Structure formats: C-alpha cells, structure tokens
1. Roughly how many nanometres apart are two label points built 7 Å out from the Cα toward the Cβ at Asn45 and Asn81?
2. Using per-residue counts of other Cβ atoms within 10 Å, averaged over each peptide, order 77-85, 128-136 from highest down.
3. Mind listing the long-range amide H neighbours of Gln23? Cut-off is under 5 Å, sequence gap 5 or more, other chains count too, H placed in the peptide plane at 1.01 Å from N.
4. For Lys84, list the lysines whose Cα falls under 21 Å from its own Cα; do not include residues on the same chain fewer than 8 positions away.
5. So what J values fall out for the range 9-18 if you push phi through Karplus, 6.51 cos²θ - 1.76 cosθ + 1.60 with θ = phi - 60°, rounded to Hz, Gly and Pro as x?
Amino acid sequence: MTSSNPRFTIIKKPRYGVINLLQYAVYESLNDSIDFFTQEDLIRNRIVYRAFNFQELQTKGLSFENEIQIDSIEYELEASNVPKAQGMLVINLFQNLTQSIDEELSWQSNLFNYFGFIINQQQLIIAFSLIVFVLLIITIILSEKLRRSNDSIE
C-alpha cells in the first residue's frame, strides 16, 4: 500500500452520460464532465455517473423497453511506487420512473461533509440545536450552583 492518493484518469468516456465530481455544500455545475478523480474522491462518495435525460438517450439510439442497458468508462490508475494500470467500470442503466437524476443530484448537493462525516442540512440543524440545548442546560446548572454557593456564604 502506498501512502499516496491514487489518481484515476478517464481514457474512454461513457457514451450515455457524464462523470461528475460533487462538491458538498458548494454548488458546482453538474454539466461539467471530469477527466480524472482520486481515491479520496471515491472514498468520500463524490463521483457520480449522470446519465443523459431520456430524450437524449433515445436520440442516441438507446431504448430501454424494460431491459437494462450498459455503459462503461475506461481509466488509467496512477500511484506512486507502483506501475500504471488500466481498468474498466461497467455501468448498468435502467429507466428510473420515480425520481429524476437532477432531483437526486440536487438533494445530494444539499449534503455537508465535515471531517469525513456526510450529513444533510436537516441533520445539521438538529445537531446544532442539540448542542445549543446542552450548553443552555450546563449554563443553568452552573449558575444555580454559583447562586447556592453565594447563598451559603451569606
């Protein structure tokens, strides 16, 4: 194992979509296809395959008709002190009838990444409220102890 952050360079892009890098808590255009990503991007779940919309896929001759279609990317892996390697990631495509990809990506862009923990905005508000509540209770307890100690001195 090397202590480097291996880099994956895309040498053959997908035919029916694009590979995007998600920036949590910062909006980034999801139309920009990336040419490379790192091991850290993979670990932090920042890489997403975004299929073209259904109409675009039909113009490219792709028809689902209750079956799975296949897309792929080919990449070259580079890391320090190891030889380069090539690989292929196969992506199974199926028609999503419940939610559009744009809706899913917009939900994911509302996520925050703190110290490797991924939380959404609602969880962040709850955590902040809980911290404020605990600090308020501690303040009340300490002020009550101080009042009692002042009462006992008098």
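1. 3.1 nm
2. Working: 77-85: 11.8, 128-136: 10.0.
Final packing ranking: 77-85, 128-136.
3. For Gln23, the qualifying residues are Glu28.
4. Correct list for Lys84: Lys12, Lys13.
5. Working through the residues one at a time gives 9, 6, 9, 9, 6, x, 7, 10, x, 9 Hz.
Only the coordinates and a few stated rules stand behind these numbers; no lab work does. If you're wondering where the values come from, they're calculated on a predicted model, not measured in any experiment. Heads up, the Cβs are rebuilt from the backbone with ideal geometry, glycines too, and the neighbour counts pull from every protein chain shown.
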